[in-house]
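**Q** The structure that follows is given in the form of structure tokens.
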Amino acid sequence: MIPFAALTPIGAEALGGVEELKQVPGLECVLARSSELQRTYAATIVSFLGAVHWGTALAQPPVGGSPARFVSLRYLWGVSPSLLAWGSLALPEVWCYSGMIGSLLSCYAVDRAAVKRNLLPNWYLPIRTSATTVATLSLGCSLYLAWSKMSQRAKAARGRTGSDS
């Protein structure tokens, strides 16, 4: 939770304004790269969420339905979040944030279904609900900030182009 909140670009800008913190070795570099660090951390978390399904598929015998098909779907989902996150990292900043939010919400939906089918323990869902809420809000704030900056740059570029005519 803390890394999502602390590494949001909004939080980094607030921390960057505190003069004493600029004296901490390496912190200025971390604050300058907060957006990149938050997105890569999000990708790591999304990958972990898929790994939970891979691990439980390995540990539990298939329940109901066709065992081979059912286990195959769990293994397929187990690697899907990491592929979604990896692909999102290749996108421009605004779209990367959108992809990470979508990936987190997709993982949450699959986790809810897995808990209902007793594939994951009941205690897991409240933790996931809290973590997903905080992470999604944090990424949403960063998405808003990135979108605002992108819009301002586009508006400034249109202004320069219009004055050149």
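**Q** Quick check on my filter: what residues within the range 118-165 are charged (D, E, K, R) and surrounded by 11 or more Cβ atoms within 10 Å (Cβ to Cβ)? Full working, then the answer.
**A** So the first thing to find is which residues in the range 118-165 are charged (D, E, K, R), and the list is 128, 149, 153, 155, 158, 160, 164.
Scanning the range 118-165 gives ARG128, LYS149.
**Q** Since GLY99 meets every condition but one in (1) surrounded by 13 or more Cβ atoms within 10 Å (Cβ to Cβ); (2) out of contact with any Asp or Glu (no Cβ under 9 Å at 6 or more places or on another chain); (3) over 12 Å from ALA42 (Cβ atoms), which condition does it not meet?
**A** The one condition GLY99 does not meet is (3).
**Q** So is LEU120 of a type in the set (A, V, I, L, M), touching an Asp or Glu at 6+ places or on another chain (Cβ under 9 Å), closer than 14 Å to LEU49 by Cα and outside any helix (DSSP H, G or I) or not?
**A** Considered against the rule, which asks whether it is of a type in the set (A, V, I, L, M), touching an Asp or Glu at 6+ places or on another chain (Cβ under 9 Å), closer than 14 Å to LEU49 by Cα and outside any helix (DSSP H, G or I), LEU120 comes out as yes.
**Q** With the checklist (1) closer than 25 Å to GLU93 by Cβ; (2) modelled with pLDDT of 60 or more in hand, flag the one item MET1 doesn't pass.
**A** It is condition (2) that MET1 fails.
**Q** Here is a follow-up. Take the conditions part of a helix (DSSP H, G or I) and without any contact (Cβ under 8 Å) to a residue 12 or more places away in the chain and apply them to VAL115. Does it pass?
**A** So VAL115 passes the test.
**Q** Now for a different question. Have a look at GLN38, GLN23, GLN60 and point out the one that is open to solvent by 70 Å² or more (accessible area, probe 1.4 Å) and either under 23 Å from ALA131 (Cβ atoms) or at pLDDT below 80 (or both). Talk me through it step by step, then tell me what you get.
**A** On the way: GLN38 fails: open to solvent by 70 Å² or more (accessible area, probe 1.4 Å); GLN60 fails: open to solvent by 70 Å² or more (accessible area, probe 1.4 Å).
On inspection, the qualifying residue turns out to be GLN23.
**Q** Sticking with this one: Do we find a residue being basic (Lys, Arg) and in contact with a helix residue (DSSP H, G or I) (Cβ under 7 Å, 6 or more places away or on another chain) anywhere in the range 109-130?
**A** For the range 109-130, residues basic (Lys, Arg) and in contact with a helix residue (DSSP H, G or I) (Cβ under 7 Å, 6 or more places away or on another chain): present.
The values are calculated or read from the model by the stated rules, or taken from the named source; none is laboratory data. Owing to the predicted nature of the structure, the values given are computational and were not obtained by experimental measurement. Glycine gets a Cβ as well: all are built from the backbone with ideal geometry, and neighbour counts include every protein chain shown. Surface areas here come from the heavy atoms of the whole protein model, side chains and all, with no ligands, DNA or RNA. Shrake-Rupley method; radii C 1.70, N 1.55, O 1.52, S 1.80 Å.
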